[in-house]
Amino acid sequence: MSGSQTTFALNTETAIPAVGFGTYLISNDDAEAAIRSAIAAGYRHIDTASGYRNEETVGAGIRQGLDAEGLTRADLFVTAKLWPGNPAWGDAPKTGAQTIEECDASLSRLGLDYVDLYLIHAPYGGDRRLEQWRALLDLQASGKARSVGVSNFNESHLDEIAAAGLPMPDANQIELHPWSQKPGLLAHMAKHDIAPIAYSSLVPLSTWRTEPGQDSAKTDEMKADGTAFRGMAEKYGVSEAQLLLRWGVQNGYAVLPKSLNPERMRQNLDLFSFSIDDADMAQMATMDRGDGVAWASGDPSK
Ligand code: A2P
């Protein structure tokens, strides 16, 4: 099965393609062509967010990509995210009504009638967090979002929803890779049937976000640790990126690789022609180094 066909269930009606195309840090100059190429390469799942400030160009790329491939909206899974506000940055938490308006604004920028998944981007809503979650449930009921979830939520944020007696999120999008495996959070999510979606799967690559102005908070120890991944990738005849992405989908996590390079786009989608053997999965399970590095500028769990 190819990466564009394998899916994981989100709720009774919705399944998420295992490999999605991530759009964080893709500029408005690049986004249209990148999304068009991604759809041509076989991606059927696009992950975006109002916080990425590229929804209009991503939306244009989606329209062009679908047209060029003779596809319809129903052939594509699109995720968008609410920026919830963040009092720590002087950014007032969105109210429930503002949450609905934000989703409408994202749909209009993307040029879509609905998204397949709408997420609260981070648990920054403070005492409005539950109000925001209720608004997402309303968006699902009105058909503007086929499924709803959260991102960067920890166990206590999920417990808050459970304690309020509300339906639980369909998914939680979190940083997940061999250096940030979050076993406690994943077990908690499994208990509540919350699907994991992995972001920043490529953190362990030596080249990950090394361009000026991009964040990388890797320790020297992490930077030095590429030998095992290189050895395994060589053994399976794949790239290190494919090995890291395969680790995610083999564990049952949808992954969201991003590349502007069409050859790497194709490579990152090709995750089902090999599998990582039990011994290597066991070795990778020992590499957990804690909370992750992608949110270097702040702790999203607060
Ligand atoms: P490029 O666009 O030149 O391929 P993230 O989405 O977590 O920021 O990671 C994306 C980074 O990983 C980009 O810098 C991208 O660079 C790089 N990348 C994506 N796919 C691959 C790959 N298969 N091999 C090497 N680097 C990759």
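Using a 1.4 Å probe on the protein heavy atoms, what percent of the accessible area of the chain belongs to carbon and sulfur? Present the calculation step by step, with values, prior to reporting the outcome.
Values: 6130 of 12830 Å².
With neighbouring chains kept in place, the figure for the chain is 48 percent.
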Fraction of antiparallel bridges per DSSP, the chain only, in percent to nearest 5: 15
Simple spin-label estimate for residue 130 and residue 56 in nanometres, 7 Å along Cα-Cβ: 3.9
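Write down the accessible area per residue of segment 147-275 in Å², having rolled a 1.4 Å probe over the full set of protein chains. Don't skip to the end; give the middle numbers.
On the way: 5330 Å² over 129 residues.
In whole numbers, segment 147-275 has 41 Å² accessible per residue.
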Eligible lysines near residue 94 by straight Cα distance, threshold 22 Å, same-chain separation 8 or greater: 81, 144, 302
For the chain, built as a Gaussian network whose Cα springs stay under 10 Å, the top-fluctuating residue of 185, 245, 110: 185
Sequence ranges 25-34, 64-73, ranked by mean other-Cβ count within 10 angstrom, highest first: 25-34, 64-73
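When the chain is fully extended, how far beyond the present Cα-Cα distance does residue 260 get from residue 92, taking 0.36 nm per residue of separation?
Working: separation 168, 0.36 × 168 = 60.48 nm, distance 3.42 nm.
Roughly 57.1 nm would be gained on extension.
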10 Å-binned pair-distance histogram of segment 181-233 (Cα, whole percent): 19, 37, 30, 13, 0
Accessible surface, per residue, of segment 4-93 when the full set of protein chains is kept, probe 1.4 Å, Å²: 41
Stretch gain in nm, segment residue 207-residue 30, where the contour uses 0.36 nm per residue and the Cα spacing is subtracted: 61.7 nm
Cα centre as origin, Lys/Arg/Asp/Glu Cβ charges: the chain dipole, Debye: 120
Gaussian network model of the chain, springs between alpha carbon atoms under 10 Å - residue of 212, 93, 84 with greatest fluctuation: 212
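The values are calculated or read from the model by the stated rules, or taken from the named source; none is laboratory data. As the structure is a computational prediction, the values presented were derived from the model and not from experiment. Counting neighbours? That spans all protein chains shown, and the Cβs are built from the backbone with ideal geometry, glycine included. SASA here: full protein model, heavy atoms, side chains in, ligands and nucleic acids out. Shrake-Rupley method; radii C 1.70, N 1.55, O 1.52, S 1.80 Å.
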